[in-house]
């Protein structure tokens, strides 16, 4: 059976940069939503549009058939799902819980085991695509969990994403997201270093982007984040501090598998410098300012 607006009520926990738009897209697809966020003000427009406000993740679960969550850190995931006020405390047999936070693979397995003991299905489904993908419903969703449950959720995946692929059992969605973040880290270093070189060599940044974006160097980051760098817009599509968390997970998992990944190590070092500079709440492309500073230069793009 498919999870549709006619058959199922949706719960949502977390209305940050990504979660707000993702929840809205489910509502626009016709789903009745009950929601909770640490800051009710961030959900005000969703409530005005018809979402039912709940006082805790537990209350969200009690009012819902399928409960989605996207929060910040693994510690937040534990609180949202496993605390006395958490989602699992409010679930009944047959519920489906979906954590879309980028978190630890082992934690996804732990949640799945805890849910299974209650007769509840658990799915890990982290996403990629940033604030733009969340707003436009074009995210890439990496999914771990029971195949039948993942298939049943297809109307929800379609409301939020353009690409949604089951990677395997619990935890595999998180492993796929680690692959994504390693790629993103390397790509952002390339984007920022290339723009720094272009500026210092006297090239017009917008003109050079016209040439390189459509060639072999083209990438999502180059098309979507490089123009923001050029315009001086470092607002977060994804927070640096959350990216540092993701890279830390990638480092721990790599060490557990006895992998030596020097590119990942470099990215961790550079993004820790971004945080030390005080830019942890900016977007990942704020790496540009740190790299400029390392060359004793000021980033002087066009102002917004």
Candidates 151, 101, 39: whichever shows maximal mean-square fluctuation once the chain is modelled as a Gaussian network with Cα springs under 10 Å: 39
Mean separation of Cα contacts under 8 Å (6+ apart) over length of segment 10-169, as relative contact order %: 20
Rounded tilt (10° steps) of 172-200 against the dominant C-alpha axis of the chain: 20
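Using only alpha carbon pairs under 8 Å that are at least six residues apart, calculate the relative contact order of segment 176-294 and give it in whole percent.
The normalised contact order for segment 176-294 reaches 38 percent.
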Separation between Cα centres of segment 271-285 and segment 36-104, rounded to whole Å: 28
Rounded if a/c under 1.5, otherwise prolate or oblate - segment 117-182, Cα gyration tensor axes: oblate
Cα-based radius of gyration of segment 6-80 once divided by 2.2 N^0.38 Å, which approximates compact folds: 0.98
Kirkwood hydrodynamic radius of segment 176-294, from inverse mean 1/r over distinct Cα pairs, in Å: 14.7
Length-normalised contact order for the chain - Cα pairs under 8 Å, 6+ apart - percent: 14
For the chain, share of DSSP beta bridges that run antiparallel, in % to the nearest 5: 15
Segment 68-156: equivalent-ellipsoid semi-axes (sqrt of 5 x gyration tensor eigenvalues, Cα, Å): 21, 16, 11
Residue among 214, 21, 223 with the largest mean-square fluctuation in a Gaussian network model of the chain, springs linking Cα atoms under 10 Å: 214
Helix 105-117 vs. the chain, principal-axis angle (Cα, 0 to 90°, nearest 10): 10
Considering only segment 10-169, percent of DSSP beta bridges that pair antiparallel, nearest 5: 10
The chain: most fluctuating residue of 65, 204, 99 per GNM, C-alpha cutoff 10 Å: 204
P(r) histogram, all alpha-carbon pairs of the chain included - 20 Å bins from 0, percent: 33, 54, 13, 0
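Shape call for segment 228-304 from the C-alpha gyration tensor, a ≥ b ≥ c root eigenvalues: rounded (a/c under 1.5), prolate (a/b greater than b/c) or oblate? Mind showing how you got there, number by number?
Details: a/c = 2.88, a/b = 1.96, b/c = 1.47.
Since a/c reaches 1.5 and a/b is larger than b/c, the shape of segment 228-304 is classed as prolate.
Starting from the Cα gyration tensor of segment 10-169, multiply each eigenvalue by 5, take the square root, and state the resulting semi-axes largest first in whole Å.
They are 20, 19, 14 Å, listed largest first.
Where a number appears in this text, it was derived from the coordinates with a stated rule and is not lab data. Note that this is a predicted model, so its numbers are computed, not measured.
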